Amino acid sequence: MNSRTKKFFSYYKPYLGLLSVDLACAFMVSAITLALPLCVRYMTQVLENNPPDVLYQIYTIGAVMIGLLAIHTVCNMLVTYQGHMMGAKMESDMRREMFDHLQKLSFRFYDEQKTGELMTRTTHDIFSLSELYHHGPEDIAISLMNFIGVFFILIHIDAKLALIVFLFLPVMAIYAFYFNQKMNAALRSSKDRIGDINAQVEDTLSGIRVVQSFANEAIETKKFAYENDRFVESRRAGYRSEAYFHEGLFAFTELITIAVVVFGGVAIVDASMSLADLLTFVLCVGILIDPIKRWVNFARLYQEGITGFDRFMDILEIEPEIQDSAGAIELGHVHGKVTFSNVSFAYKEDQDYVLKNVNLDVRPGEYVAIVGASGVGKTTLCTLIPRFYETNQGTIYLDGIDVRNIRLHSLRTNIGIVQQDIYLFPGTVFENIRYGRPNASREEVIAAAVKANAHDFIMELPNGYETDIGQRGIKLSGGQKQRLSIARVFLKNPPILIFDEATSALDNESEKAVQQSLEKLSDSRTTLVIAHRLSTIRHAQRIIVLADGVIEEQGTHEELLVRNGIYARLYNVQQNLIS
Ligand code: ADP
Ligand code: MG
């Protein structure tokens, strides 16, 4: 058994009890399904013989049948309920494993993956797997037992007639599989078509402002109608195969029944068969359609489930690129010395280096600004410190310890980043700020908001700190979101701070205010500020100018102006723009 197969079966492990109950009930269901025609047979034989206690016997058989029916029903209910519950629990185990795993995967993974695709894997793929997990064993058990049972009963009653019935079966099975395949293909294609329709609606509605401003509604309608028509076509093929499948199978069973009745009738005339036997035959033939339907169903479940499982494992088998090394340590008190030693970095193997042999020493508590043209690698430089990406060459040290030897959780709790792309979670303002330190008190949350110059605007929101800023909630401006994310980091209160263009979306007024609190906060802790507007970092202790992957210039504002290099040029351009 290969490792994936082992893994596949391993999800049953916690539920072997449930699985046994499920299978035992399935066997009971099947056994009783087979017993009922035998009861009828016995009853008919009794009627034929007409013994003195005939009424008593009829009532007894009736009572037995009611008893069997009751057990049958209970077992069927258990199969449906327990089986589905087992499936749901296995599904939830897998989904949880997937979720935990996804959270461990590194930035590089997410650079290339679409979240929508990952959502499908955690919902749709795992669901089709759970269907296979619980219906699979049931279908196999019940269909095998029904089939074998009917086979022996028929052979026992009349081998010749049984042969006729079993000659029909392969044809019936091939017919069923063929149309089932077509039905499934059509189902898949209509799912794809639905996907296309959704994509089309999303494209048009996301760009609705452009559509309307160019008055291109008719063009969009045409594109939509095309997708919509394709959907109808895919459904047509599906419904046609469905009609063939169900009604064809039904006709086959009826055909077998008619053959049995005719040949059986002849046999009764010949006195080589009794009426009781013929009746049993007819009833048993009716049971045969069930295993075929179950096999066909199982084939579909198997196909979809295994595909789902492979896709699930494809993700699960991805090793997180960045994880704790063996013997990684927990940081104690952090002074905040950050050192880059010959660091080179590229996002992809075949791409140019974004950073080339960078050396940088940031003293504990130093306030360093990083400037440079857009796309020069400022953000990249900062993301290497918390180890969002691994360096290609060189080493980054925190307080002299290689960051690769520090436990990720410890490293990252000691660094606070206000990222360039701000993300706020659906929920209230309060919850979003408290995300910075989930056990913070209300007072601490408010204090952080005050420091981030966010308190005043929060108090003006309809519900203050309880205002919902989720998808259906209040819309915040870029500057307001920025201040909330700054408050979040203020609350976290780490010894090392990184602000990636954190004030770029603010108007002049709030920029100044945030600037002030930022300076207050950065007091006595290492701070790296990436700034677009150079006026905001004039007072930095050191300004680093990145160009072409290397540190071109560094020094204070005044020193760099005197040097009259890149910084001086950038600064003068911005000054001229303002004046
Ligand atoms: P800056 O912050 O200075 O504007 P970045 O550090 O964001 O620049 O980007 C530096 C270079 O790396 C750019 O050429 C950018 O296109 C590229 N880059 C940034 N992020 C990624 C990524 N996740 N995957 C691949 N390339 C990236
Ligand atoms: Mg950037």
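The values are calculated or read from the model by the stated rules, or taken from the named source; none is laboratory data. Not measured: the values here are computed from a predicted model. Methodologically, a virtual Cβ is constructed for each residue, glycine included, from the backbone with ideal geometry; neighbour enumeration extends over all protein chains shown. SASA here: full protein model, heavy atoms, side chains in, ligands and nucleic acids out. Shrake-Rupley method; radii C 1.70, N 1.55, O 1.52, S 1.80 Å.
Here is how the numbers come out for the structure above:
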read-out	value
Region 497-515, residues that are touching a residue at least 12 places away in the same chain (Cβ under 8 Å) and either polar (S, T, N, Q) or part of a strand (DSSP E or B) (or both)	Leu497, Ile498, Phe499, Asp500, Thr503, Ser504, Ser510, Gln515
Within region 296-415, strands (runs of 3 or more DSSP E) holding 3 or more residues that are open to solvent by 70 Å² or more (accessible area, probe 1.4 Å) and more than 16 Å from ligand 2 (Cβ to nearest atom)	355-362
Residue match in region 322-343 (condition: at positive phi, within 16 Å of ligand 1 (Cβ to nearest atom) and over 36 Å from the mean Cα position of the chain (by Cα))	no
Subset of region 475-511 [within 16 Å of ligand 1 (Cβ to nearest atom) and open to solvent by 40 Å² or more (accessible area, probe 1.4 Å)]	Ser504, Ala505
Ser106 being buried (at least 16 other Cβ atoms within 10 Å of the Cβ), of a type in the set (Gly, Ala, Ser), away from ligand 2 (no atom under 16 Å from the Cβ) and over 20 Å from Lys13 (Cα atoms)	yes
Scan of region 524-538 for residues that are in contact (Cβ under 8 Å) with a residue 24 or more places away in the chain, in a loop (DSSP other than H, G, I, E, B) and of a type outside the set (A, V, I, L, M), ordered by number	Ser524, Arg525, His532, Arg533
Pick from region 417-432, criterion out of contact with any Phe, Trp or Tyr (no Cβ under 8 Å at 6 or more places or on another chain) and more than 16 Å from ligand 1 (Cβ to nearest atom), ranking: most open to solvent (accessible area, probe 1.4 Å)	Pro426
Test: residue in region 462-474 that is within 16 Å of ligand 1 (Cβ to nearest atom) and surrounded by 21 or more Cβ atoms within 10 Å (Cβ to Cβ)	no
All positions within region 356-374 that are more than 19 Å from Phe499 (Cβ to Cβ) and within 14 Å of ligand 1 (Cβ to nearest atom)	Lys356, Val358
Flag for Ile422 being within 16 Å of ligand 2 (Cβ to nearest atom), closer than 30 Å to His539 by Cα, under 34 Å from the mean Cα position of the chain (by Cα) and not in a loop (DSSP other than H, G, I, E, B)	no
Yes/no for Ile544 being at pLDDT below 90, within 21 Å of Arg363 (Cβ to Cβ) and touching a strand residue (DSSP E or B) at 6+ places or on another chain (Cβ under 8 Å)	no
Selected residue (only one of Ile153, Ile174, Ile126 is closer than 28 Å to Tyr12 by Cα and β-branched (Val, Ile, Thr))	Ile126
Test: Ser213 is more than 34 Å from the chain's Cα centre (by Cα) and open to solvent by 30 Å² or more (accessible area, probe 1.4 Å)	yes
Where Ala26 falls short, out of the listed (1) more than 30 Å from Leu384 (Cβ to Cβ); (2) open to solvent by 40 Å² or more (accessible area, probe 1.4 Å)	(2)
Residue in region 403-412 that is free of Cβ contacts under 8 Å to residues at least 40 places away in the same chain and of a type in the set (Gly, Ala, Ser) present	no
Some residue of region 470-483 being within 16 Å of ligand 2 (Cβ to nearest atom), farther than 30 Å from His335 by Cα and out of contact with any Asp or Glu (no Cβ under 7 Å at 6 or more places or on another chain)	yes
Residue in region 512-529 that is within 16 Å of ligand 1 (Cβ to nearest atom) and surrounded by 20 or more Cβ atoms within 10 Å (Cβ to Cβ) present	yes
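Here is a yes/no grid of residues against (1) within 23 Å of Ser190 (Cα to Cα); (2) crowded, with 16+ Cβ neighbours inside 10 Å:
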{"residue": "Ala237", "(1), (2)": "yes, yes"}
{"residue": "Ala251", "(1), (2)": "no, no"}
{"residue": "Ala259", "(1), (2)": "no, yes"}
{"residue": "Ile289", "(1), (2)": "no, yes"}
